[in-house]
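Enquirer: Here it is, the structure in full.
The values are calculated or read from the model by the stated rules, or taken from the named source; none is laboratory data. None of the values given here were measured: they were computed from a predicted structure. We place every Cβ from the backbone using ideal geometry, glycine too, and count neighbours over all the protein chains shown. Note: accessible area is taken over every heavy atom of the protein model, side chains too, but ligands, DNA and RNA are not part of it. Shrake-Rupley method; radii C 1.70, N 1.55, O 1.52, S 1.80 Å.
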2 protein chains.
Amino acid sequence: MSKMKKLENKRQTGCPVTFGLDTFGDKWTLLIIREMMLKGMKTYSDFLAADEGISTNILADRLKHLENEGVIEKARDPENGRSFTYSLTEKGYDLAPILLEIVTWSGKHDHGPNARTSVLKKIQNDREGYEAKLRSGKPG
Amino acid sequence: MSKMKKLENKRQTGCPVTFGLDTFGDKWTLLIIREMMLKGMKTYSDFLAADEGISTNILADRLKHLENEGVIEKARDPENGRSFTYSLTEKGYDLAPILLEIVTWSGKHDHGPNARTSVLKKIQNDREGYEAKLRSGKPG
DNA sequence: AAAGTTAACTTGTGTTTTGCAAGTTGTATT
DNA sequence: AATACAACTTGCAAAACACAAGTTAACTTT
């Protein structure tokens with residue numbers, strides 16, 4: 001019954017902020033979403049190889065959680081029989097505006113030497129078009 | 001030196017998503033921001049009394065973190081000599097769009113019986129005006 | 001002015017979550 | 001049949017967290 005922890009823990013306060021954070025308000029969770037939406041990553045090993053170095057048990061837990069929440073879907077990889085692909089549902093793509101606002105905020109406030117701005121520029125250049133592109137399954 | 005943990009931990013990947021999450025990507029952190037921006041709460045005991053029940057040591061840690069990051073400011077309460085007030089900086093108010101997108105997402109996807117929609121309605125009715133109101137220090 | 005009260009923390013302790021390494025299971029390839 | 005790859009699972013030590021209790025400083029009451 002340990003796999004149900006997260007769901008049992010769902011706080012039913014009715015507050016939309018709480019509701020959102022209970023679904024994706026975890027650092028690793030949003031990084032997985034970023035990998036999928038912005039970088040086009042699809043598989044377990046893709047996510048494991050991300051810059052930040054998520055550990056394998058946590059990754060498995062978060063993927064299961066996101067699947068339970070209906071944010072992502074798991075399917076067999078048609079091109080590789082021993083692989084699975086994870087993809088965003090509409091509920092998952094609906095997180096795009098949040099991700100883009102985070103990028104925008106960081107673009108304004110990260111004054112570090114190696115802050116990357118490629119995504120920011122796309123947002124500033126044509127936000128609606130960029131979001132539509134992401135929703136169509138094309139990473140950016 | 002343990003109080004510097006969070007800052008030392010800052011991952012310098014250059015990724016804007018990572019940068020944002022390292023600043024506010026913690027469930028409690030955004031709930032504190034919500035209390036301030038949406039509910040007008042200002043003091044330590046205000047935050048402690050929030051619905052979700054943050055524990056006192058975690059609250060102290062997050063407030064210090066947010067202060068170090070320049071998201072909030074601490075000052076003596078002019079109306080109560082034994083109290084302090086926490087307020088949002090511009091950097092803090094710049095989180096408004098993220099908060100509003102979270103509320104919007106939850107408004108679409110929370111089908112629970114007691115989902116609250118008062119803030120959502122304000123966003124849908126006049127988003128710019130509502131955000132401007134929040135930035136002026138008036139909660140909503 | 002001594003005693004109580006409020007506000008903001010800090011400290012201690014037990015529990016939970018996380019990170020890391022290693023092991024397992026189910027395909028495919030050789 | 002043996003090897004390798006992909007996706008996990010398991011075990012254990014370390015870190016983060018929750019909860020209760022204690023501390024310090026600024027008022028208030030008696």
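Here's the yes/no breakdown for (1) of a type in the set (A, V, I, L, M); (2) within 13 Å of DNA strand D (Cβ to nearest atom):
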position: A:R62; (1), (2): no, yes
position: A:H65; (1), (2): no, yes
position: A:A75; (1), (2): yes, yes
position: A:P78; (1), (2): no, yes
position: A:S83; (1), (2): no, yes
position: A:L95; (1), (2): yes, no
position: A:V103; (1), (2): yes, no
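Enquirer: Can you name every residue in the range A:107-123 that is part of a helix (DSSP H, G or I), open to solvent by less than 80 Å² (accessible area, probe 1.4 Å) and facing chain B (nearest Cβ under 7 Å)?
Expert: Answer for the range A:107-123, where residues must be part of a helix (DSSP H, G or I), open to solvent by less than 80 Å² (accessible area, probe 1.4 Å) and facing chain B (nearest Cβ under 7 Å): A:G107, A:H109, A:V119, A:L120.
Enquirer: Quick one: how many residues across the range B:41-60 are away from chain A (no Cβ under 14 Å) and either within 12 Å of DNA strand D (Cβ to nearest atom) or closer than 24 Å to A:H109 by Cα (or both)?
Expert: 10
Enquirer: Kindly evaluate A:E73 against the criterion of being within 17 Å of the chain's Cα centre (by Cα) and either open to solvent by 50 Å² or more (accessible area, probe 1.4 Å) or of a type in the set (A, V, I, L, M) (or both).
Expert: Here the answer is yes, as A:E73 does meet what is asked.
Enquirer: Do we have any residue at all in the range A:58-75 that's of a type in the set (K, R) and farther than 24 Å from B:F19 by Cα?
Expert: Checked the range A:58-75: at least one residue is of a type in the set (K, R) and farther than 24 Å from B:F19 by Cα.
Enquirer: Same structure, new question: Against the condition over 30 Å from B:D94 (Cβ atoms), out of contact with any Cys (no Cβ under 8 Å at 6 or more places or on another chain) and surrounded by 13 or more Cβ atoms within 10 Å (Cβ to Cβ), how does A:Y86 come out, does it pass?
Expert: Judged against the criteria, A:Y86 is a match.
Enquirer: Out of (1) at the interface with another protein chain (Cβ under 10 Å from one of its Cβ atoms); (2) open to solvent by 50 Å² or more (accessible area, probe 1.4 Å), what's the single condition that is false for A:R34?
Expert: Going through the list (1) at the interface with another protein chain (Cβ under 10 Å from one of its Cβ atoms); (2) open to solvent by 50 Å² or more (accessible area, probe 1.4 Å), A:R34 breaks only (2).
Enquirer: Also: For the range B:1-106, please list each of the helices (runs of 4 or more DSSP H) lying entirely inside it that holds at least 3 residues being at pLDDT 95 or above and more than 13 Å from DNA strand C (Cβ to nearest atom).
Expert: Helices (runs of 4 or more DSSP H) meeting the threshold: B:16-24, B:27-37, B:90-93.
Enquirer: Continuing with the same structure: From the set of residues in the range A:128-140 that are part of a helix (DSSP H, G or I) and open to solvent by 70 Å² or more (accessible area, probe 1.4 Å), which is nearest to A:K91 (Cα to Cα)?
Expert: A:R135
Enquirer: Right, here's the next one. How many of the residues making up the range A:124-140 are of a type in the set (D, E) and in contact with a helix residue (DSSP H, G or I) (Cβ under 6 Å, 6 or more places away or on another chain)?
Expert: Matching residues across the range A:124-140 total 1.
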